[in-house]
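Some notes on the structure that comes next.
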Amino acid sequence: MGAESEVSFGDLDGSEIRVGIIKTRWNKENVDNLVAGAKKALAECNVTDANVFETEVPGAYELPFAARLLALSGTVDAIICTG
């Protein structure tokens, strides 16, 4: 069964938001599709390409550590992990 109503967040303005995307090298085709979808959604929220930082790690095992390091760096406001 699907939801009877849609969730609406109104107009989102991400023009000042800095986002880090961490992706895995493993399963490249699927991960690249996930990253492309995330970037499309960010663009719809007015997040500029200049405010998106992208890096990669070997596999899913390294994602949490890389996310922790990125969070502690204070250079981004949000982190997206794909892998």
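The values are calculated or read from the model by the stated rules, or taken from the named source; none is laboratory data. Remember, predicted model here, so these are calculated numbers, not experimental data. Please note: Cβ atoms are built from the backbone with ideal geometry, for glycine as well, and neighbour counts cover all protein chains shown. These accessible areas exclude ligands, DNA and RNA; they are computed on the full protein's heavy atoms, side chains included. Shrake-Rupley method; radii C 1.70, N 1.55, O 1.52, S 1.80 Å.
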Checklist line | Under-5 Å amide H pairs with Glu56, H placed in peptide plane, nonlocal only | finding: Lys23
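I want to verify the translational diffusion coefficient of the chain in µm²/s; compute it with Stokes-Einstein, Rh as the Kirkwood radius over Cα pairs, at 10 °C and 1.306 mPa s.
Numbers: Rh = 13.9 Å.
Translational diffusion coefficient: 115 µm²/s.
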Check: So what's the angle, to the nearest 10 degrees on a 0 to 90 scale, between helix 28-44 and the longest Cα principal axis of the chain?
Finding: 40
Notebook entry, point to check: Nearest 10 degrees, 0 to 90: what angle lies between the long axis of helix 63-73 and the longest principal axis of the chain (Cα atoms)?
Noted result: 80
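If the only charges are +1 at each Lys and Arg Cβ and -1 at each Asp and Glu Cβ, what is the size of the charge dipole of the chain around the Cα centre, to the nearest 20 debye?
Working: 7 positive and 13 negative charges, 90 e Å.
In debye, rounded to 20, the chain gives about 440.
Please give the contour-minus-distance gain from Asn46 to Asp13: 0.36 nm per residue of separation, less the Cα-Cα distance, rounded to one decimal in nm.
On the way: separation 33, 0.36 × 33 = 11.88 nm, distance 0.57 nm.
Computed gain between Asn46 and Asp13 is 11.3 nm.
Nearest 500 deg cm²/dmol is fine: what mean residue ellipticity at 222 nm does the chain get from its DSSP H runs of n ≥ 4 alone, each adding -39,500 (n - 2.57), divided by its residue count? Don't skip to the end; give the middle numbers.
Details: 2 runs with 28 residues, N = 83.
When only DSSP H runs of four or more count, the value is -11000 deg cm²/dmol.
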Next item on the list: Just the number, please: carbon plus sulfur as a percent of the accessible area of the chain, 1.4 Å probe, no ligands or DNA/RNA counted.
Entry: 55
